[in-house]
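Trainee: I have a structure here, written as structure tokens, and I will follow up with some questions on it.
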Amino acid sequence: MATSNGGKIGDIPTDAMTLNRFVMEEQMKHPGASGSLTLLLSSLCTACKATEAAVRKAGIAQLYGIAGDTNSTGDEQKKLDVLANELFVNLLKSSYQTCAMVSEENEHMIEVPVAKHGRYIVCFDPLDGSSNIDCLVSIGSIFGIYKRESEGPVSTEDCLLPGNKLVAAGYCVFGTACMMVLSTGNGVNGFTLDPSIGEFILTASNMTIPSKGKIYSTNEGNAQYLDEKLQKYLHDCKFPTAGKPKAARYVGSMVADVHRTICYGGVFMYPANSTAANGKLRLLYECNPMSYIVEQAGGKAVTGRGQERVLDVVPTKLHERCPIYLGSSEDIDVILSYLNE
């Protein structure tokens, strides 16, 4: 008769820490918790699984290519963008835990019917890096969760909250494997999708970003538009007065670039430049969730305007853009020394 050895029989785990189990155990640490956040995270988990499944069979199902429209910020929508957005919106509405949503793909706030109202507001980019879809480069989904602070009918102003009021944030990478990286304010944990059982399994507990890295990540095609101080920083990364130069890595998918930065250390940045005074990335559903995760992992995320944290920026509109520098704490301090000299 087969016997269990440390929660396994053979190579099959019999006591795996699934994402749902992990979140429920975290909930039990807070006696007053209602379970609403647990239910909401379960719906987000399902949305990410469904999106990952669509990405995997996109070529066969003829889901590559442009859908023929643009999103809220003027980017061309891919067919998978539209599909992923529908999945997130419908699954979150049916969770009964949200009252409003902000999506990159929708110009206006998405209001949930009153009969399905919950206490949370979810901001998300359903498919980040969609310009890389057709060439099979890693892409992903990003989300941030806020607790609504007001009463009465929900409005756009309810969604304009700074990142320091996030209660949870996460992203899901669709790459060589599918991994959900999540923080509920008590560190960062990574869960890899086991396709054989359809569950996210804890594979990277208490993720921390190295205090210093050897990689910088930015779109250097925009170098001519950058501030001279930042150009000097990039020059010194490549031509240091001592030691080896830093390695340049840039995928063009924020999820992939930030995930690598958390794993290996270094910096990721999309700064302001002379053609884009606030950079390119959106505050509510790109910069804030990623900054929250990086800070929870021990890193830093700043705007480059003095010492300002990204999480302290108060948005004034749904699709507001924000310059961002995030990564290893020592490397961010070096960048700030260049920008503020």
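The values are calculated or read from the model by the stated rules, or taken from the named source; none is laboratory data. This structure is a prediction, so every number in the text was calculated from the model and none was measured. All Cβ positions, even for glycine, are placed from backbone atoms using ideal geometry, and neighbour counts span all protein chains on display. When the accessible area is computed, the model is the full protein with side chains, heavy atoms only, and any ligands, DNA or RNA have been set aside. Shrake-Rupley method; radii C 1.70, N 1.55, O 1.52, S 1.80 Å.
Trainee: Evaluate the charge dipole of the stretch 248-341 about its Cα centre and quote only its size in Debye, nearest 20, assuming +1 on the Cβ of each Lys and Arg and -1 on the Cβ of each Asp and Glu.
Mentor: Numbers: 9 positive and 10 negative charges, 71 e Å.
I would put it at about 340 debye.
Trainee: Which order do the peptides 159-169, 200-210, 31-41 come out in when sorted by mean C-beta neighbours inside 10 angstrom, highest first?
Mentor: 159-169, 200-210, 31-41
Trainee: What accessible surface, in Å², does a 1.4 Å probe find on Cys322, ignoring ligands, DNA and RNA and rounding to the nearest 10?
Mentor: Result for Cys322: roughly 0 Å² accessible.
Trainee: State the answer as a single residue: which of Pro315, Cys287, Ala115 lies farthest towards the positive end of the charge dipole of the chain, with beta carbon charges of +1 for Lys and Arg and -1 for Asp and Glu, about the Cα centre.
Mentor: Cys287
Trainee: Mind counting lysine pairs for me in the stretch 128-279? Cα separation below 28 Å, and the two need to be 8 or more apart along the chain or on different chains.
Mentor: Value for the stretch 128-279: 18.
Trainee: Then there is this: Which helices, counted as full DSSP H runs in the chain, have an axial Cα extent of no less than 20 Å and a Kyte-Doolittle average of 0.0 or above?
Mentor: Working: long enough: 36-56 (30 Å, 0.90); 79-93 (21 Å, 0.68).
Span-like helices here: 36-56, 79-93.
Trainee: Leaving out ligands and nucleic acids, and using a 1.4 Å probe, what accessible area per residue does the chain come to in Å²? Let's see the in-between values first.
Mentor: Numbers: 15420 Å² over 341 residues.
Accessible area per residue: 45 Å².
Trainee: Where nothing but the Cβ of Lys and Arg (+1) and of Asp and Glu (-1) is charged, how large is the charge dipole of the chain around its Cα centre, in debye to the nearest 20? Before the final figure, lay out the partial values.
Mentor: Values: 30 positive and 37 negative charges, 120 e Å.
Value, rounded to 20: 580 debye.
Trainee: Given the peptides 296-303, 122-129, 271-278, arrange them by the average over their residues of other C-beta atoms within 10 Å, most packed first.
Mentor: 122-129, 296-303, 271-278
Trainee: Ranking request for peptides 229-236, 181-188: highest mean number of other beta-carbon atoms within 10 Å first, then the rest in descending order.
Mentor: 181-188, 229-236
Trainee: Also: Using 0.36 nm times the number of residues separating Lys232 and Glu308, minus their current alpha carbon distance, what extension gain do you get? Walk me through the numbers on the way to the answer.
Mentor: Numbers: separation 76, 0.36 × 76 = 27.36 nm, distance 2.11 nm.
Residue separation times 0.36 nm, minus the Cα-Cα distance, leaves 25.2 nm.
Trainee: Tally up the carbon and sulfur contribution to the accessible surface of the chain as a whole percent, 1.4 Å probe, everything protein left in place.
Mentor: Values: 7960 of 15420 Å².
In the chain, the share of accessible area belonging to carbon and sulfur is 52 percent.
Trainee: So how strong a dipole does the stretch 95-254 carry about its Cα centre when Lys and Arg Cβ are +1 and Asp and Glu Cβ are -1, to the nearest 20 debye?
Mentor: Numbers: 13 positive and 17 negative charges, 181 e Å.
In debye, rounded to 20, the stretch 95-254 gives about 880.
Trainee: With every protein chain present, what accessible area does Lys79 have (1.4 Å probe, heavy atoms only), rounded to the nearest 10 Å²?
Mentor: 80
Trainee: Something else about it: Counting helices only, and only those DSSP H runs with n ≥ 4, report the 222 nm mean residue ellipticity of the chain as the sum of -39,500 (n - 2.57) divided by its residues, in deg cm²/dmol to the nearest 500. Display every interim value, and only then the final one.
Mentor: On the way: 7 runs with 88 residues, N = 341.
Calculated mean residue ellipticity at 222 nm is -8000 deg cm²/dmol.
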